[in-house]
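The values are calculated or read from the model by the stated rules, or taken from the named source; none is laboratory data. Nothing here was measured: the structure is a model prediction, and the numbers come from that model. Here the Cβ positions follow ideal geometry from the backbone for every residue, glycine too, while neighbour counts run over all protein chains shown.
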Amino acid sequence: MKKTLSLGILTLMRIFLLFITIGLSSAYANLAMGQNKMDVELNNLSVEQFFSEIQSTSNYIFFYKDDVISTNKKISLKLKNVKISTVLDKAFSNTNLTYKIEGKQIVVKKVESRAAIKNISDDDTSVQEKTITGTVYGTDGIPLVGVNILVKGTTQGTQTDFDGHYAIKANDTDVLAFSYIGMLTQTATVGAKTVIDITLKENAAALEEVVLVGYGSQKKESLTGSVGVVKSATFEQAPVSSFEQALRGSTAGLQASAVDGAPGGNTQVRIRGIGSISASSEPLYVIDGIPIQNGSIGTIDNGGSSTNVMASINPNDIESISVLKDAASTAIYGSRGANGVILITTKSGKSGKAKITLKTLTGFNSQAYNNILKPLNAAEYTELFLEGYVNGGDTAAEAQARFDATFQQLIDPSTGEPTDTNWLDAITRTGITQSYDLSASGGTDNLKYFFSGAYYDQENYIIGSGFKRLSARSNIEFKATDYLTISNNISVSNSTTNTFFDGGSFNNPFKNSLELSPLIPIYDEEGRFNGEHADYFPLGGANPVGALSGDDLWENKQFRVIDNFAVSIKPIKNLTLRSQLNFDLLTLTESQYQNPRYGGGRNSGGIGYEANTSLRTFVGTQTADYNFILGDNHNFNVLGGFEAQETNNESFSASGTQFPNQSLRTLNSASAEFAISGSKSEYTFVSAFSRLNYNYDGKYFLSGSLRRDGSSRFGADNRWGTFYSFGGSWVASRESFLEDVSFLDLLKVRSSWGVTGNAAIGNFPSQGLYVFGQDYDGNPGGSPSQIANPDLTWESQQNFNVGVDFGLFSKISGTVEYFERTSSDLILNVPITLTSGFSSLTQNFGEMKNSGLELSINADIISSDNFN
C-alpha cells in the first residue's frame, strides 16, 4: 500500500516536469517578442478593466485619478505585434484621455476643455508662477518613487523620481494633489512656500482589499467564506516568543491559550471550538503556500515533555495571517482543513531603494501572586512551631528544648541567629525579555529581496529557566522574463528552552518553596546547595534553589530549516502555472539530569535521559490558475492542482541511573538501569483539488471547491476521501437602490456549506501493531499491541456558515456570523470484550456538534496626524 502511494507521487512529479518543460519552451519562444511588442485582443472593456488587463499581461503600471475611470467608453481592440504606445493611441481615440510613458509607468490624465483652464497673460503680474520642489515619503520615512503630483484644476503634473524628489511650476493660489497606489491622496496649498515635503499615509481600505486564501489570493469583496486577517502590527506590539501568542483576541472565533506558561512553551490554538474528541483539533498551518509541521511534539518517553515547534518561526518575519474558518475557505485543503487553516505570509522585498530596519524590544515578567503568597519568616515560623509543641502537651521549656535540639545545627554561624530563608523569593526574579531584529529589503522590477536576522531571549520569572532563539530568513524573487518568475524562501532557526521538573513532590519548585521551613539554609557548611540533612527537609531532601541553579538540568534544543522553492510560468494570457517544492527539517534534542544528592534523583543515585527526534517533510504542489471574462460582466477564476507529501519521523531515547560523580552527566557515566528505545515511521499524502469562483458585475459571487485526498494512514478500501464546498455572496450596497445611502459604505450577505475531514490520528490507527523485546520462557519475542481495523475511515465534518459584513460612515466596519459544524464518524477507542486480549478497538463511533455566533466591530473614531 505504501509502495502504491510512493509510485503515485513519482508519477505526478514526472507529469509535472513534462508540464513545466512545455511551459518553459513556450515562455522562451515568445520572450523576444514579449519584451518590446505585444498582442492585444479585447472586447467591450471599461477603462478600468482595460488598465487591469494590460497590467496583468505586461510590466506596465497605470497611474490615474478617479475621474479617469469614470470615462463612459468601451474599448475593443485586436492588435498583433504592436508597441504599447500604439495600443494606448487606439484605446484612447475619441476620448478626452491622454497619457505619458515613463519607463514602465503610464500616467493617464483627462484633457480639460479650454474653458475650464484659467489663462494667465504674460503681462498679468497679479499671479506669478514659481517652481515648487520637495520630497514625498511613506510613513516609514522611505522616499516613494512614481508619486503623481497634479496642480488641481489643470492638466499640469509630474512624478517623483527614484529618490522621491519632484519639481513642478505652480502659483501661490494653486493646490497640489499627491496620489499614489495604496496611499490616501493628500493636498497642499502652495501659498508662499517653495519647498513642500509630503508624507503619504496608507489607505487601510486598499490594503485590506486583497486577502490570502487557499492556493492564492482574492479581493475581500469577492469572498464567500469566513476569513479573518491579522496584520504584522499585531506581532510588533509585544515581544512574544511565538506568533501564536499574539493571535489572542486578533479575530473572532479564534482562541489561543498557553498550555504551561513557560517561555517558548506550547500554545493551544482552536478555531470555532474543538473539532474532535480523540483526533487533533489543531488547525493546519501553511507558510507561503506550503503546509508545515505544527503543534507540540513529545521527544521523550518519561511523560510530560514536549516542544512547541511553531516557536521556531520569528514573528517579525510575518507580513500577515489569514484565518480560514468555514467550509468555503477550508475545503480546498480537504482532510486537513477540518479544524480551520492559518495561512502565513512572510515579508518580501519591494522595488526601490534598500531599506534597512533594526527593531529592539524589551519586556519584563514576574509571578502574578508574589503579593498574595507570603511565607512565614523565621520568627513567625518559630513561634508557630513552639505553639504546636505546647498544644501537644509540652511545657514552654520542653517545647523550646525540643526546638533547639532539632534546629540548633541550622544556626547561621556568621550571626549566631537562626537562618531566615524566603524560599519563594529565592527561586523567583523579574525576568527580562530582549528582542533584536535586523532586516534588509528592496530590489528592482525584476529582482526583489528580503533578508532578516534575529535574536530573542526570554528569561522566565523562575530562576534557571528561559527561552532563546537565533533565526535568519532569506526571501528572494527573480522575474527572469515577462513569463517566468523564480522564488526561494528559506528560514533557519536554532532555539533552546531551559525548564524545570514539576511532576512530583520532589520536583515541583513552587510546592517545595512554600513547604520548606525558613530555618533551613540554602547552602551547607561546605558552600554546596543544602540537601544532605533529610531530617530537616520534609520533602525528602529537595532544594529548589539548587535544582534550578544547575544541579538539575532539563534542556530542549530545536533546529529547523524550512525551504520553499517556487517557479511560476505564464505561457498564455491570464494563465499561471506554478510549482512549489518544500523541505521542512526539524531536529529536536532533549537532555535531562537529576542529581544524586537531593530531589528526584536522590534515591536512584542520579537519573539521566537523552532523546533525539528528527522529522523530514517533503511537499510538492503544482497549480494552474486561469482568469477569463465572458460578455461584459461575467468574471471567472478557475484553479486546479495536485499535491504530494511525505513525512519521515525517527526518534531515539536512552536513560540510566547511578551517577558516581555529579560533574559527569553523560549517559556513559551511569552504571545501572539502562533503558533504550527508538522508532521510525513515515506517511504519505496525495491530493487533487480544484476551485471555481464566479462573479457578475461585482455584486453577485459564487464559489465552489472539490478535493480528493489519499492517505497511507487508512486501509486500502478507505484510503481516499472526497471533500467539497459551495458558497455565495451578495454585495447589496452596490445595488442602485442603495447607492444614495451616504452613510452606508458596505453591506454584504454571504453563506456557505461544505464537507471537510480530519486525518490527524497518527500514522497506524488502522493496522495491527506488535511490540518486540518481550520474553517468553526465557526467549525473546513479540506480542500484539493493537488490533487491526481496516474499516477505519476519515472523520467528516459538515459546515454551515452565514454572515453579514457592513461598513458605516467610513469609520465603522464589522461582521456578524452564525456557524454550525457537525462532526461524524469520530475516531474513538471503543471498549471490547477482555477475552480478546485487548480492552478497546479504534473505530468510527460517535458524533458531535459545534455552533456559535461571532461578532466583530472595528471603529476608527478619531484619525489625525498625531492621534488615532
(request) Within the stretch 551-572, count every residue that is assigned to a loop (DSSP other than H, G, I, E, B) and crowded, with 16+ Cβ neighbours inside 10 Å. (result) 3
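Would you mind listing the helices (runs of 4 or more DSSP H) fully within the stretch 319-409 where at least 3 residues are in contact with a strand residue (DSSP E or B) (Cβ under 9 Å, 6 or more places away or on another chain) and under 30 Å from Y215 (Cα atoms)? Talk me through it step by step, then tell me what you get.
Values: elements: 327-330, 378-391, 396-407.
Fully inside the stretch 319-409 and qualifying: 327-330.
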(request) Determine which single condition I462 fails, assuming it passes every other condition in (1) farther than 28 Å from T362 by Cβ; (2) among the hydrophobic types (A, V, I, L, M, F, W, C); (3) modelled with pLDDT under 90. (result) (1)
(request) Read through the list (1) touching a residue at least 40 places away in the same chain (Cβ under 8 Å); (2) under 30 Å from N789 (Cβ atoms), then give the number of the only condition that L746 fails. (result) (2)
(message) So, in the stretch 137-151, how many residues would count as being within 12 Å of K201 (Cβ to Cβ) and not polar (S, T, N, Q)?
(response) 4
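So if I check each of G704, G698, which one is part of a loop (DSSP other than H, G, I, E, B) and farther than 30 Å from R528 by Cα? Explain how you work it out, then say what you get.
Values: G704 fails: part of a loop (DSSP other than H, G, I, E, B).
Exactly one of G704, G698 is part of a loop (DSSP other than H, G, I, E, B) and farther than 30 Å from R528 by Cα, namely G698.
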(message) Take the residues in the stretch 75-131 that are at pLDDT 85 or above and in the same structural domain as T160 (by TED's automatic domain parsing); name whichever of them is surrounded by the fewest Cβ atoms within 10 Å (Cβ to Cβ).
(response) T131
(request) Output the residues belonging to the stretch 235-260 that are within 18 Å of T433 (Cα to Cα) and in contact (Cβ under 8 Å) with a residue 12 or more places away in the chain. (result) F235, E236, A238, P239, V240, S241, S242, F243, E244, Q245, A246, A258
(message) Among (1) of a type outside the set (V, I, T); (2) under 30 Å from G754 (Cα atoms); (3) surrounded by 17 or more Cβ atoms within 10 Å (Cβ to Cβ), there is one condition K219 misses while meeting the rest; what is its number?
(response) (3)
(request) Answer with yes or no whether D445 is over 20 Å from the mean Cα position of the chain (by Cα) and free of Cβ contacts under 8 Å to residues at least 12 places away in the same chain. (result) no
(request) Hey, can you tell me all the residues within the stretch 815-852 that are surrounded by fewer than 18 Cβ atoms within 10 Å (Cβ to Cβ), part of a strand (DSSP E or B) and β-branched (V, I, T)? (result) V816, T822, V830
(message) Please verify whether F772 is among the aromatic types (F, W, Y) and either without any contact (Cβ under 8 Å) to a residue 12 or more places away in the chain or in contact with a His (Cβ under 9 Å, 6 or more places away or on another chain) (or both), treating the condition exactly as stated.
(response) yes
(message) If a residue must be within 17 Å of V240 (Cα to Cα), surrounded by fewer than 24 Cβ atoms within 10 Å (Cβ to Cβ) and of a type outside the set (A, V, I, L, M), how many such residues does the stretch 317-345 contain?
(response) 2
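For the stretch 481-504, does any single residue satisfy the condition of being modelled with pLDDT under 90, crowded, with 19+ Cβ neighbours inside 10 Å and of a type in the set (F, W, Y)? Spell out the reasoning first.
As a first pass, look at the stretch 481-504 and keep what is modelled with pLDDT under 90: 482, 499-504.
Now restrict to residues that are crowded, with 19+ Cβ neighbours inside 10 Å: 499-501.
If we keep only those that are of a type in the set (F, W, Y) as well, we get 500-501.
Yes, that holds for at least one residue.
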(message) Just to be sure I understand, how many residues within the stretch 233-280 are closer than 30 Å to F500 by Cβ, not charged (D, E, K, R) and not in a loop (DSSP other than H, G, I, E, B)?
(response) 11
(request) Inspect all residues belonging to the stretch 805-823 and state whether any of them is at pLDDT 90 or above, among the hydroxyl-bearing types (S, T, Y), closer than 25 Å to L184 by Cα and under 30 Å from the mean Cα position of the chain (by Cα). (result) yes
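Of everything in the stretch 654-670, what is closer than 30 Å to N763 by Cα and either surrounded by fewer than 20 Cβ atoms within 10 Å (Cβ to Cβ) or without any contact (Cβ under 8 Å) to a residue 60 or more places away in the chain (or both)? Give them in sequence order. Full working, then the answer.
If we filter the stretch 654-670 for residues that are closer than 30 Å to N763 by Cα, which is where we start, we get 654-656.
A654, G656, listed by residue number.
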(request) Give the stretch 38-57 a look and list any residue that's surrounded by 15 or more Cβ atoms within 10 Å (Cβ to Cβ) and touching a strand residue (DSSP E or B) at 6+ places or on another chain (Cβ under 6 Å), or say none. (result) D39, V40, L42, L45, F50, F51
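Hey, does the stretch 807-814 have a residue that's outside the structural domain of R272 (by TED's automatic domain parsing), in contact (Cβ under 8 Å) with a residue 24 or more places away in the chain and surrounded by fewer than 12 Cβ atoms within 10 Å (Cβ to Cβ)? Step through it out loud before you land on a result.
The initial filter retains those residues of the stretch 807-814 that are outside the structural domain of R272 (by TED's automatic domain parsing), namely 807-814.
Checking which are in contact (Cβ under 8 Å) with a residue 24 or more places away in the chain leaves us with 807-814.
Subset that is surrounded by fewer than 12 Cβ atoms within 10 Å (Cβ to Cβ): none.
No, that holds for no residue.
Any idea which residue in the stretch 137-163 is farthest from the chain's Cα centre (by Cα), counting only those that are β-branched (V, I, T) and not in a loop (DSSP other than H, G, I, E, B)? Full working, then the answer.
First pass over the stretch 137-163, keeping only residues β-branched (V, I, T): 139, 142, 145, 147, 149, 151, 154-155, 158, 160.
After this cut, where a residue has to be not in a loop (DSSP other than H, G, I, E, B) as well, the list is 149, 151, 158.
Details: I149: 38, V151: 44, T158: 41 Å.
Looking at residues that are β-branched (V, I, T) and not in a loop (DSSP other than H, G, I, E, B), I get V151.
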(request) Could you please let me know if D709 is touching a residue at least 60 places away in the same chain (Cβ under 8 Å), of a type in the set (D, E, K, R) and farther than 19 Å from G337 by Cβ? (result) no
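Go through the stretch 172-193 and give me each residue that's in contact with a Lys or Arg (Cβ under 6 Å, 6 or more places away or on another chain) and either of a type in the set (K, R) or in a loop (DSSP other than H, G, I, E, B) (or both). Walk me through how you get there before you give the answer.
Of the residues in the stretch 172-193, the ones in contact with a Lys or Arg (Cβ under 6 Å, 6 or more places away or on another chain) are 175, 177, 184.
Listed by number, the list holds a single entry, L184.
Could you identify the single residue in L548, L630, L577 that is crowded, with 19+ Cβ neighbours inside 10 Å, under 30 Å from Y215 (Cα atoms) and of a type in the set (A, V, I, L, M, F, W, C)? Can you show your working first?
Details: L548 fails: under 30 Å from Y215 (Cα atoms); L630 fails: crowded, with 19+ Cβ neighbours inside 10 Å.
None of the other options fit; the residue is L577.
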(message) Regarding the stretch 643-661, can at least one residue be identified that is over 25 Å from Y215 (Cα atoms), touching a helix residue (DSSP H, G or I) at 6+ places or on another chain (Cβ under 9 Å), modelled with pLDDT of 90 or more and among the hydrophobic types (A, V, I, L, M, F, W, C)?
(response) yes
(request) Go through the stretch 54-96 residue by residue and tally those that are charged (D, E, K, R) and free of Cβ contacts under 8 Å to residues at least 12 places away in the same chain. (result) 2
(message) Checking G349 against (1) out of contact with any Lys or Arg (no Cβ under 7 Å at 6 or more places or on another chain); (2) within 15 Å of N475 (Cα to Cα), only one condition comes out false. Which one?
(response) (1)
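So that you can scan it fast, the table gives a plain yes or no per residue for (1) under 30 Å from G214 (Cβ atoms); (2) touching a helix residue (DSSP H, G or I) at 6+ places or on another chain (Cβ under 9 Å); (3) at pLDDT below 90:
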residue: D717; (1), (2), (3): yes, no, yes
residue: S725; (1), (2), (3): yes, yes, no
residue: S729; (1), (2), (3): yes, yes, no
residue: F737; (1), (2), (3): no, no, yes
residue: S742; (1), (2), (3): no, no, yes
residue: K748; (1), (2), (3): yes, yes, no
residue: N763; (1), (2), (3): yes, no, yes
residue: Y770; (1), (2), (3): no, no, yes
residue: I787; (1), (2), (3): no, yes, yes
